[in-house]
Amino acid sequence: MTVAIVFLPLLGAILAGLFGRFIGRIGSQLVTTILMIASAALSVPVLYEVAFGAGPYTVQLFSWIHVGTFNVEWALKVDTLTAVMLFTVSVISALVHLYSIGYMHGDPSHSRFMAYLSLFTFFMLMLVTADNLVQMFFGWEGVGLSSYLLIGFWNDRPSANAAAIKAFVVNRVGDFGFMLGIAGIYLSFDSAHLDTIFAAAPGMAEQSLHILGMNLPLLTTLCLLLFVGAMGKSAQIGLHTWLPDAMEGPTPVSALIHAATMVTAGVFMVARMSPLFEQSETALNVVAIVGATTALFAATIGCVQNDIKRVIAYSTCSQLGYMFFALGVGAYGAAIFHLVTHAFFKAMLFLGAGSVIHAMSDEQDMRRMGGIWKNIKVTYAIMWIGSLSLAGLPFFSGYYSKDMILEAAWGAHSAVGQYAFAMGAIAALLTAFYSWRLLFMTFHGRPRCDEKTLAHVHESPWVMLIPLMVLAIGAIFAGMIGYTYFVGEDRFGFWKQALAMVGEDPIEAAHHVDPAIAMMPVGIALAGIAIAVLLYVVRPGIPARLAEAMPGLYRFLLNKWYFDELYDRIFVRPAFALGRFFWKRGDVGAIDRFGPDGISLLTRIAARRTALLQSGFVYHYAFAMIIGLAVFVSAYVMGVEG
C-alpha cells in the first residue's frame, strides 16, 4: 500500500508526460487526477494503522548503492511523521490536480502541466518516506527540479523564466549547506541510515570537528549545515527571495508549492532530524531565532503588497517562520500540527485567489478589484474561511495550531522563547490586518476595474469549487480533530518515537500558561482586524495618507526590505562582471585569439599570400619555373662538387 501511495503519482507523470499527445488533454487529466486521488485515499488507512494500530514499519525495496563499505538501501520508512506527511501531501495534491482541470482549461500544454504536478508530488512523497539521507537528498533535489519546471511552466514569459532560474539558484545555495551536512554526518557516523544516526547521536554530543585550525562542536555544526538547506527550501529570511517570484507560475502551482510541498520540506527535515537537533541547544536556538524573525519580517511586507497572490505568498513565508520557531523551542508536534492545518487553509486561499483571478479575467492587482463579492459568493465565503483560519480565530483550524505554537514559545521559559513569542505575537497582529485588507480590497467597496471586466465577473466552474469546499472542511475542522493527537493528551501515543524530546516538554508547559497569555493571540488578531476595518472600510483614505507621511518606510516595505536590490548589488552584478571578464578577456581575448581564431587567422594569411602567386599570366609562371630550375640545378652542382 505504501509503495502504491508513493509511486502512483510517478506512474501518472510518466503516462501524461510521455504519452500525453496520444491520450489527449482529457486522458492526461483523468489519469493523473485518478491516480493522485487513489494515492490520497490509500494514505488514510496507512495513517490510521501507523498512528493507532501496529505502529511504524519499513518497506525494503532494493539495494541502491553498494561501494566498498558504503551501503544504501532504497526503503520506505513509515512512522507517524511520515504518515502525516503522506496524508497531507497526497490529499492537497489530489485537490490541486482536480482544480487544475478547470483552471488550466484551454492551455495548449495542459498534459505537460499535469505531468509536472504528479512528478512534483512523487518527489515530495519520496522525500518524506526516506529511510536514509541519500534517499532524502534524492527527493529533496527532485522537488527543486520540479519547482523549476512548474514555476517556469509558461516559458514564453521572460518573468516566469527569470523566477524559475531564481528559485533554482537560491535553493542551490541552501542545498550546498545540506550536502555538506549529509557528508559530515556520514564521515562522523559512518552511516547515512537515519535510525543508525539517531541511535548514535547522544554519544556524539561532546565530540568536536577539527576544520581550518578550529575546533567546532560536531553536532551543532552538522545541524546548522542541515538547517541552511531547510532555510532555502522553506524560504527563511536570507534565502526567501525566490518564494514571492514563484507566483509567476500558474496558481495551482502556487498552492502546491506553498501548502504541502517544497516549502514544507525544510520543516519536515528538521522534525525528522530532531534526535540530532535535540543534542545541540545552540542549533535549536538558531532555528527559533531565524523562524521568529522570518515570521515578523514576512508579515510586515505582506501588509503593503498589492498583488493578491504575493500577499498570500508572504503569508506563507511568515507561517513557515512560526513552524520553525516551534521546532526551535522543541515543540515539534506543534510545528507539524501547524504544517497540516496551514496546508488546508493556505491551499484554499491560493486556489480561492485563483478563482478570483479567473473571475477577473487574469487580473491580480487588488487595486483594480473591489465590489465583486455578489458575483462570486462561493469564492467570497471560501476566502473568509481561509482568512479566519489564517488569523487564528476560534474555532478554525489555525486557531488551535498557531495558539499552541505561541503558548509553547512562552512556556519554554527561555530568552529565545520569549523573543519568539514577541515576534510571533506582532506577526499575528499583522497577519490579521493584511488578511482583512485583502478581503476588503478584493471584494468590498466600489468596483475599481473597467466596465468590460466587471461585466464578465463570474463564479468558477464546479470542478474548481469542489476542491475549495473540501479544503474549507479541513480549514474548519482539522484543528479540532487533530488537537488531541498532535499536541493534546494523546500526543505521546500518537507520535510514538517519531519526534525526539530530550529536555523539558514545551507543549506540556503550553497547557499550563496563564489564561491571559492563552487569550492574547485572539485579542491581537481581533485588533488587527479592527485596524483593517478602520483603514479600508470606515476611513479608506487613511492608507494613502500614511504612505505619503512615511514614504521611506512605505518604500522599504513595498520593496521587500531591499533584499533583492542588496543581493543584486553584492552577488548578481559582480557575478555578471566576472563572467563578462572571463568571456571577453579569457574566452575571446586569450583562448579564441591564440586558439581557434588565431590558427584560422594564420591559415587565412597564408592562403592570401599563396594566392598572390596565382596571377593568371603565363610569363609569370614561366619565370617561376626558370627560377625554380636554376635553384635545383645550382643545388645539384654544388652538391656534386662538394
Determine, yes or no, whether Ile476 is closer than 30 Å to Ala94 by Cβ, open to solvent by 10 Å² or more (accessible area, probe 1.4 Å) and among the aliphatic types (A, V, I, L, M).
yes
Sole miss for Glu281 among (1) open to solvent by 10 Å² or more (accessible area, probe 1.4 Å); (2) touching a residue at least 12 places away in the same chain (Cβ under 8 Å) is condition (2)
Only listed residue being in contact with a helix residue (DSSP H, G or I) (Cβ under 6 Å, 6 or more places away or on another chain), among the β-branched types (Val, Ile, Thr) and either at pLDDT below 90 or closer than 29 Å to Ile92 by Cα (or both), chosen from Val463, Val416:
Val463
How many residues, within segment 144-182, are open to solvent by less than 50 Å² (accessible area, probe 1.4 Å) and among the hydrophobic types (A, V, I, L, M, F, W, C)?
11
Any residue in segment 476-505 that's farther than 29 Å from Ala381 by Cα: show its pairings with residues that are surrounded by fewer than 19 Cβ atoms within 10 Å (Cβ to Cβ) at Cβ separation under 7 Å, as long as the two are six or more apart or on different chains.
Asp490/Thr484; Lys496/Gly55; Lys496/Pro56
Only one of Ile289, Ile301 that is open to solvent by 10 Å² or more (accessible area, probe 1.4 Å), over 25 Å from Gln497 (Cβ atoms), hydrophobic (A, V, I, L, M, F, W, C) and at pLDDT 90 or above:
Ile289
Residue check, Thr58 touching a helix residue (DSSP H, G or I) at 6+ places or on another chain (Cβ under 9 Å) and either assigned to a loop (DSSP other than H, G, I, E, B) or farther than 30 Å from Lys496 by Cα (or both):
no
Kindly indicate which of Arg539, Arg585, Arg555 is closer than 23 Å to Tyr314 by Cβ, more than 24 Å from the chain's Cα centre (by Cα), of a type outside the set (A, V, I, L, M, F, W, C) and open to solvent by 90 Å² or more (accessible area, probe 1.4 Å).
Arg555
Are any residues in segment 208-265 closer than 14 Å to Tyr148 by Cα and of a type in the set (A, V, I, L, M), and if so, which ones?
Leu243, Ala246, Met247, Val253, Leu256, Ile257, Met262, Val263
Take the conditions β-branched (Val, Ile, Thr) and in contact with a Gly (Cβ under 9 Å, 6 or more places away or on another chain) and apply them to Val50. Does it pass?
no
Check whether at least one residue in segment 220-241 is free of Cβ contacts under 8 Å to residues at least 40 places away in the same chain, more than 29 Å from Tyr322 (Cβ to Cβ), out of contact with any Lys or Arg (no Cβ under 8 Å at 6 or more places or on another chain) and open to solvent by less than 60 Å² (accessible area, probe 1.4 Å), and report yes or no.
no
Quick check on my filter: what residues within segment 16-28 are surrounded by fewer than 20 Cβ atoms within 10 Å (Cβ to Cβ) and either under 28 Å from the mean Cα position of the chain (by Cα) or on the phi > 0 side of the Ramachandran plot (or both)?
Gly17, Leu18, Gly24
From the option list Thr453, Thr484, Thr431, single residue qualifying as over 30 Å from Cys303 (Cα atoms), among the β-branched types (Val, Ile, Thr) and either open to solvent by 80 Å² or more (accessible area, probe 1.4 Å) or in a helix (DSSP H, G or I) (or both) is Thr484
Does segment 224-255 hold any residues that are among the small types (Gly, Ala, Ser) and closer than 19 Å to Ala299 by Cα, and which are they?
Gly232, Ser234, Ala235, Gly238, Ala246, Ser254, Ala255
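So which residues in segment 319-334 are within 11 Å of Lys402 (Cβ to Cβ) and either under 14 Å from the mean Cα position of the chain (by Cα) or hydrophobic (A, V, I, L, M, F, W, C) (or both), if there are any at all?
Answer for segment 319-334, where residues must be within 11 Å of Lys402 (Cβ to Cβ) and either under 14 Å from the mean Cα position of the chain (by Cα) or hydrophobic (A, V, I, L, M, F, W, C) (or both): Gln319, Met323, Ala326, Ala334.
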Test Leu613 against the stated conditions and say whether it is closer than 30 Å to Tyr314 by Cβ and either open to solvent by less than 80 Å² (accessible area, probe 1.4 Å) or out of contact with any Leu (no Cβ under 7 Å at 6 or more places or on another chain) (or both).
no
Write out, first by first residue and then by second, each pair whose Cβ atoms fall under 9 Å of each other, whose residues are 6+ apart or on separate chains, and whose first residue, in segment 152-164, is closer than 13 Å to Trp242 by Cβ while the second is open to solvent by less than 10 Å² (accessible area, probe 1.4 Å) and among the polar types (S, T, N, Q).
Ala164/Ser147
Can you tell me which residue among Ala75, Ala51, Ala13 is open to solvent by less than 60 Å² (accessible area, probe 1.4 Å), farther than 23 Å from Gly139 by Cα and touching a residue at least 60 places away in the same chain (Cβ under 8 Å)?
Ala51
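The values are calculated or read from the model by the stated rules, or taken from the named source; none is laboratory data. These figures come from a predicted structure and were not determined experimentally. Because the Cβ atoms are built from the backbone with ideal geometry, glycine has one as well, and the counts that use them run over all protein chains shown. These area figures cover heavy atoms from the full protein model, side chains too; ligands, DNA and RNA do not enter into them. Shrake-Rupley method; radii C 1.70, N 1.55, O 1.52, S 1.80 Å.
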